[in-house]
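**Q** Sharing a structure below in structure tokens format, with a few things to ask.
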Amino acid sequence: MEAMAVLEKQQQFDFQNNGIEVMNFETLQRTYKENDIYGKPVQGIYHYQVLQRMMGICEKYNLDYEVEEIFAAQNRNKTQPGVSILPQVEQTHGEKAVEAHILRRIFATIRIKDWETDELTTTLVVAYHQDGIQAAIGPCVKVCHNQCILSPERSICNYGKNKVTTEGVFETVDGWLANFEVNMNEDIARIQRLKRRIVSLEEVYMYIGLLTALRVSHDSSDRNLSSSVETYPLNQSQISIFTEEVLKLVREKGQVTAWDLYNVATEIYKPGRTDFPALIPQNGAMAELLLSRLPSEVEIQDAVLVG
């Protein structure tokens, strides 16, 4: 409650010292609204309006939700930085005033509490940045706040190879929430598959090598290689962190599961540790990598019948 009270009274941002700022929805609404030369929102819609639409869909299906966290971050784009400060507005509202900031790089989480368990809740995540708008949904591990995106069908964006329109993003989210319980149960089943799969130390080494190969291929100057990998689960520095944490976990537990490996990765996929535009696609790519190497439920049932 104390932290929320501070957010509600938030008058200033300090990106220079903090790098990333956390705020509530009301504070986001107070930031400067950037328009194009025609007086319309640069992205066709303001960041807070995107969240309003998402909240409206939650309300449409009578879901118990709350906007948990809204993050804003700077980036090194000189022509269109993640954060800009307008001195002329500071003259009116004060130095570093919330109202003087243009925020172009936002990541928000909306917690949906329906059917949550002691271990898991569900989170609808939204990224709004210079490239466009992304959304995804999946279970969230309560104790460590690790977000899961367990299927390609659980994420959508309005730019890139498989882009849809901005309205298409909202329509997709509407579909997720219209079938909320069914989708949630499907994702829980995927988690159970990950938990059942014991990963040997040799396989751990195999995964580390595979992650490195995917990263090298993606970043290669050879088009034959780079075109074969659309999104890598981890970049090189993340692979180093992942490797160290997994090896420590193996030493501590003696035996790890595919779920353990995914949790090590999702600990990395958080604002402040991974660039906002990469949070959703990298998370989904890691889940897809791990799940693709597990037997399907049909294969498991067939094996049981044969046995």
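**Q** Considering only residues that are part of a helix (DSSP H, G or I) and among the polar types (S, T, N, Q), look in segment 172-197 and name the one that is least open to solvent (accessible area, probe 1.4 Å).
**A** Going through the qualifying residues, I end up with Asn183.
**Q** State whether one or more residues within segment 23-38 are farther than 17 Å from Glu66 by Cβ, open to solvent by 100 Å² or more (accessible area, probe 1.4 Å) and modelled with pLDDT of 90 or more.
**A** Yes - at least one qualifying residue is present in segment 23-38.
**Q** Would you please list the contacts, defined by Cβ atoms under 9 Å and residues six or more apart or on different chains, that run from a residue in segment 221-240 that is assigned by the TED database to the domain that holds Val204 to a residue that is outside any loop (DSSP other than H, G, I, E, B) and of a type in the set (Asp, Glu)?
**A** Leu225/Asp219; Ser226/Asp219; Val229/Asp219; Tyr232/Asp219; Pro233/Glu288; Asn235/Asp219; Gln236/Asp219
**Q** Just checking, does segment 83-101 include any residue being in a strand (DSSP E or B), open to solvent by 70 Å² or more (accessible area, probe 1.4 Å) and not acidic (Asp, Glu)?
**A** Checked segment 83-101: at least one residue is in a strand (DSSP E or B), open to solvent by 70 Å² or more (accessible area, probe 1.4 Å) and not acidic (Asp, Glu).
**Q** Could you list, in sequence order, the residues of segment 198-212 that are within 14 Å of Phe242 (Cβ to Cβ) and either within 24 Å of the chain's Cα centre (by Cα) or surrounded by 14 or more Cβ atoms within 10 Å (Cβ to Cβ) (or both)?
**A** Val199, Val204, Tyr207, Ile208, Leu210, Leu211, Thr212
**Q** State whether the residues of segment 157-165 include one that is open to solvent by less than 70 Å² (accessible area, probe 1.4 Å), of a type in the set (Phe, Trp, Tyr), under 26 Å from Met55 (Cα atoms) and in a helix (DSSP H, G or I).
**A** No.
**Q** Count, please, the residues in segment 213-241 that happen to be within 17 Å of Leu279 (Cα to Cα) and surrounded by fewer than 12 Cβ atoms within 10 Å (Cβ to Cβ).
**A** Of the residues in that region, 1 qualify.
**Q** Spot the failing condition for Val67; the list is (1) within 21 Å of Gln130 (Cα to Cα); (2) hydrophobic (A, V, I, L, M, F, W, C); (3) outside any helix (DSSP H, G or I), and only one is missed.
**A** (1)
**Q** What's the number of the condition Gly19 fails, among (1) modelled with pLDDT under 95; (2) open to solvent by 40 Å² or more (accessible area, probe 1.4 Å); (3) out of contact with any helix residue (DSSP H, G or I) (no Cβ under 9 Å at 6 or more places or on another chain)?
**A** Every listed condition holds for Gly19 apart from (2).
**Q** Further question: Let me spell it out: the conditions are (1) among the hydrophobic types (A, V, I, L, M, F, W, C); (2) within 24 Å of Asp64 (Cβ to Cβ); (3) without any contact (Cβ under 8 Å) to a residue 40 or more places away in the chain; (4) touching a helix residue (DSSP H, G or I) at 6+ places or on another chain (Cβ under 9 Å), and Val182 meets all of them except one. Which number is the exception?
**A** (4)
**Q** Still on this structure: I'd like the full set of residues that are surrounded by fewer than 24 Cβ atoms within 10 Å (Cβ to Cβ) and either among the charged types (D, E, K, R) or more than 21 Å from Ala265 (Cα to Cα) (or both), limited to segment 111-128.
**A** The answer is Arg111, Ile112, Lys113, Asp114, Trp115, Glu116, Thr117, Asp118, Glu119.
**Q** Among the candidates Thr117, Thr109, Thr121, single out the residue that is more than 30 Å from Pro41 (Cβ to Cβ) and not in a loop (DSSP other than H, G, I, E, B).
**A** The unique qualifying residue is Thr121.
**Q** Restricting segment 139-156 to residues that are surrounded by 22 or more Cβ atoms within 10 Å (Cβ to Cβ) and β-branched (Val, Ile, Thr), which is nearest to Trp115 (Cα to Cα)?
**A** Ile149
**Q** Quick one: how many residues across segment 241-280 are over 19 Å from Val143 (Cα atoms), without any contact (Cβ under 8 Å) to a residue 40 or more places away in the chain and assigned to a loop (DSSP other than H, G, I, E, B)?
**A** Residues in segment 241-280 being over 19 Å from Val143 (Cα atoms), without any contact (Cβ under 8 Å) to a residue 40 or more places away in the chain and assigned to a loop (DSSP other than H, G, I, E, B): 1 in total.
**Q** Could you please find all residues in segment 39-64 being of a type outside the set (Ser, Thr, Tyr), open to solvent by 60 Å² or more (accessible area, probe 1.4 Å) and under 28 Å from Trp115 (Cβ atoms)?
**A** Gln52, Arg53, Glu59, Lys60, Asn62, Asp64
The values are calculated or read from the model by the stated rules, or taken from the named source; none is laboratory data. Computed from a predicted structure; not experimentally measured. We place every Cβ from the backbone using ideal geometry, glycine too, and count neighbours over all the protein chains shown. In case anyone asks, the SASA skips ligands and DNA or RNA and just uses the protein heavy atoms, side chains included. Shrake-Rupley method; radii C 1.70, N 1.55, O 1.52, S 1.80 Å.
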